[in-house]
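Participant: Would you mind keeping the following structure in view while I ask a few things?
Computed from the coordinates by the stated procedures, all read-outs in this text should not be read as laboratory data. These numbers come from a predicted model, not from an experiment. Reconstructed Cβ throughout: ideal geometry from the backbone, glycine too, with neighbour counts over all protein chains shown.
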Amino acid sequence: MPEELMDSRTKVWIGVGVGVAIGVGIALARRKQDPWHSAKRISKRVAANTEDLAAEARKIIERVQRIYEEGRKVVEDSVELWSHGRKAVGY
């Protein structure tokens, strides 16, 4: 697997983790109950819906991968177009 792809995947997972942490933090900060009680309840809810969470995360990763692949195709096509343009002009 290319290093560039691994770097991109790592960055996506780090971004997902940071986003989840920020969301949980904001949700806990807005509650009037004891934060530990809220954290315990939220962790139980997340654990109960782990399969759903994993399925949705998989869908998001597949969409990001599809966007990455399409972007790569656009870049390849533009490089090819640039090459043809240079040949047509005589460079």
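Participant: Using the Cα centre of the chain as the reference point, and only Cβ charges (+1 on K/R, -1 on D/E), how large is the resulting charge dipole? Debye, rounded to the nearest 20.
Facilitator: On the way: 17 positive and 13 negative charges, 136 e Å.
Using only the charged Cβ atoms, the result is roughly 660 debye.
Participant: Kirkwood-based Rg over Rh for region 21-91 (C-alpha set), two decimals?
Facilitator: Taking Rh as the inverse mean 1/r over Cα pairs, Rg/Rh reads 1.44.
Participant: For region 12-24, take each phi angle, set θ = phi - 60°, evaluate the Karplus expression 6.51 cos²θ - 1.76 cosθ + 1.60, and give the result in whole Hz per residue in order, putting x for glycine and proline.
Facilitator: 5, 5, 5, x, 5, x, 5, x, 5, 4, 5, x, 5
Participant: Please find the FRET efficiency linking Ser83 to Ile60, where r is the Cβ-Cβ separation and R0 is fixed at 35 Å, and quote it to the nearest 0.05.
Facilitator: After rounding, the FRET efficiency stands at 0.50.
Participant: State the extension gain, in nm to one decimal, for the chain segment bounded by Val18 and Asp52, taking 0.36 nm per residue of separation less the distance between their alpha-carbons.
Facilitator: Here the segment from Val18 to Asp52 would lengthen by 10.3 nm.
Participant: Along the charge dipole of the chain, Cβ charges K/R +1 and D/E -1, which of Ser8, Val89, Ala29 sits furthest on the positive end?
Facilitator: Ala29
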